[in-house]
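So the structure is just underneath, and the comments pick up after that.
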Amino acid sequence: MNSLIPLIPFLPFIGFLINGLFGRNLSKTTVGIIGSGVLLASFLLSVACFNQVAASGPIHFILYNFFTVDSLSADFGFLVDQLSVWMMLIVTGVGFLIHVYSIGYMHDDEGFWKFFAYLNLFIFAMLLLVMGDNLLMLFFGWEGVGLCSYLLIGFWYTNKEYGKAARKAFIMNRIGDLGLLLGIFLIFKTFGTIGFSEMFTRLSEVRPETGVITLICILLFIGAMGKSAQIPLYTWLPDAMAGPTPVSALIHAATMVTAGVYLVARCNPLYSLSPDAMHVVAFVGLVTSIFAAVIGLRQNDIKKILAYSTVSQLGLMFIGLGMGAYASAIFHVTTHAFFKALLFLAAGSVIHGMGGEQDIRNMGGLRKAMPVTFWVFLIGTFAISGFPLLSGFFSKDEIFAFTYGNGGKWWWGFAGLGALFTAIYMCRLLYVTFFGDVRGTDEQKHHLHESPAVMTVPLVILAALSVVGGFLNTPHFLHLGTPQWLAGWFGGTGATGDPVIPVNELHLPESTEWTLMIFTTSLAVAIIVGLYFVYTRRSNLPVADSAQSGFTRIIANKFYVDEIYDFLFVKPVESLSRLFHYYVDIKGIDGLVNGIGSGVQWLGSQFRKLQNGNIEYYLLGMVAGAVLLLLSLFA
């Protein structure tokens, strides 16, 4: 089995090469089969790896040595342990469903073959990121997903605004990547290695100062803030909606945005030694979760609402990481991959059925025309809202319990506030889109239809996973199935002999856990039921942008963060660029070069007057020269 491990990332890369080089000459059916088939093969190999890890422990496979310089040795190697193999299952499994869905969604696009090539390359980069056995491999994958996000967000590059969104994502991620790179440099300086196993082994031997560990953790977290869209580096993610809907699902659910969470969870031995760094992680996650959820309350673009939901849910994951609940955060990564991929793909089905319409104010009444899409969207909405026994109910409740136990009532209260807002804007989205009367144009009403099976079947599978996914890690006091199975899986022995992710005990009485669960669940159910009566009335539909005022208008305009960034950073840089362009480039460099050329031309024009073909001038010149020669002899 070990020899087949490199095939898991390289099969998608082969798909990228085939579709990228020859896809233009292949049928769309062939392109779709190749693009999806390599993902299915990678998923099946990942399942085999999962079984092997379960049977015999982590697998360390070195393909070849990149280089060895003095004490620095970097291998092209894979570390397949409990954490990485779980992420491999998510990336390849959910990624495969998104590929299949894309066959139907992108069928009429002229860049069909190129789209699948980019998707395959994206999966290849993400697999390198989670499978790499050292920070250099992780960084290769990290930069790879950044490049692919640029290509996919700006896929419809003829639209100028979409191109700007792609550049924005690329640039903001480079800011975070600088922090990650500095963190890698400091890790090598401190531990003399960039390999995960070696670094964690030397942690007890080197015994670095707490301040050094904190600085390393903060630098790594800056990288995570960029990829996982945390304040202040979050503004690229809502704009990433410029890409086709399957891209949104892939970026938001299964791949890119989870990279930051994976990085912190992978480096948990470092973070566990720095309470200050963990406080920073938890605080940034808390602020991001609430801030993004508030913005989501007043968005009307179906994809933008889901985008801010992703930012908020990522904030919740970082709260869990900051509280030391690493396994709980990865558990929420898992359930979030199910219901957020479901919601984005279902939103794509709605957009497809509405002929490209994305404003929920122009929808309504879709549950009759699109019954499959309606039911799966309802399941996804209830799951993310924390409806009892659905996947989000278990994963969010677990993070809330750790937040209460390790952070206290205030942390729990503010984290719960973000979850409260989540339930509100998601129910608003559900009811306004699918209930009431169809508010679109006559053409949209005529075009309205359910999506084909190639799109709805992945939706049904993701809906099923959103229902049962929470039972992977049920609380022990509920006595449902195998309690805390996923936490036990991550607590297995890693390559260093220590747990891959330590199983942090939750020191709360069962009565307290019951109270917290009942309170949050009752609140979620009350919101789901109450908002049904609010938003199914025509008088309570979202109002036009021009009719909003006061704080509501501020929320609708996303607190003007983009405008503030534009004023503080973009415009000054553009002004400075124009200044340098005019005075340094045009006046300075061009002026110097053009001035020399003009001077030579002027001299040439003056000397040319001496060669005008008039013999009298030539004789005058000869006489003048002779006179000057004679005078010089007597001088």
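What is the calculated FRET efficiency for Phe569 to Leu4, with r their C-beta to C-beta distance and R₀ = 35 Å, to the nearest 0.05?
Working: r = 47 Å, r/R0 = 1.35.
So, using R0 = 35 Å, E works out to roughly 0.15.
Do you know the relative contact order of segment 1-74, to the nearest whole percent, from alpha carbon pairs under 8 angstrom that are 6+ apart? Don't skip to the answer; put the middle values down first.
Details: 40 pairs, mean separation 27.6, N = 74.
Here the relative contact order equals 37 percent.
Counting pairs of alpha carbon atoms under 8 Å apart in space and at least six apart in sequence, what relative contact order in percent does the chain give?
Values: 1000 pairs, mean separation 76.1, N = 635.
Relative contact order comes out at 12 percent.
Angle, helix 510-535 long axis vs. longest principal axis of the chain, Cα atoms, 0 to 90°, nearest 10?
The answer is roughly 70 degrees.
Cα to Cα, under 24 Å, and not fewer than 8 places away if on the same chain: which lysines meet these conditions relative to Lys409?
Of all the lysines, those that pass the test against Lys409 - Cα under 24 Å, at least 8 places apart if same chain - are Lys396.
Roughly how many nanometres apart are two label points built 7 Å out from the Cα toward the Cβ at Glu161 and Asp301?
According to this spin-label approximation, the distance is 0.6 nm.
If I stretch the segment between Ile175 and Phe519 completely, what's the gain in nm (0.36 nm per residue apart, minus their alpha carbon distance), one decimal?
On the way: separation 344, 0.36 × 344 = 123.84 nm, distance 4.04 nm.
Between Ile175 and Phe519, full extension yields 119.8 nm more.
Compute the separation of the alpha-carbon centres of segment 114-131 and segment 466-540 and state it in Å as a whole number.
31
So which lysines pass the test for Lys368, namely a Cα distance under 18 Å, with those fewer than 8 places away in the same chain ruled out?
Lys445
Using square roots of five times the C-alpha gyration tensor eigenvalues, list the equivalent-ellipsoid semi-axes of the chain in whole Å, biggest first. The partial results should precede the final answer.
Numbers: eigenvalues 556, 222, 134 Å².
Equivalent-ellipsoid dimensions as semi-axes: 53, 33, 26 Å.
How tilted is helix 112-131 with respect to the longest principal axis of the chain? Cα atoms for both, answer in degrees (0 to 90, nearest 10).
Rounded to the nearest ten degrees, it is 70.
State which stretch of the chain is the longest one without any exposed GluC sites (Glu not before Pro), exposure meaning a DSSP loop state and at most 15 other Cβ atoms within 10 Å.
Working: sites that count: Glu110, Glu209, Glu505.
Result, exposed sites excluded: 210-504.
Under a crude label model (7 Å from the Cα following the beta-carbon direction), how far is Ile589 from His446 in nanometres?
Distance between the two pseudo-spin positions: 5.7 nm.
Points 7 angstrom from Cα along the Cβ direction at His107 and Leu603: gap in nanometres?
7.3
On a 0 to 90 degree scale, rounded to 10, what angle separates helix 28-56 from the longest Cα axis of the chain?
So the inclination is approximately 60 degrees.
How far is the Cα center of segment 226-265 from the Cα center of segment 16-52, in Å?
The distance from the Cα centre of segment 226-265 to that of segment 16-52 comes to 23 Å.
What number, in percent, do you get for the relative contact order of segment 341-423 if the mean sequence gap of Cα pairs under 8 Å and at least 6 apart is divided by its residue count?
So the answer I get is 22 percent.
No lab work stands behind these numbers, since they all come straight from the coordinates. In this text, all values refer to a predicted model and were calculated from it rather than measured experimentally. Note that each Cβ is placed from the backbone with ideal geometry, even for glycine, and that neighbours are counted across all protein chains shown.
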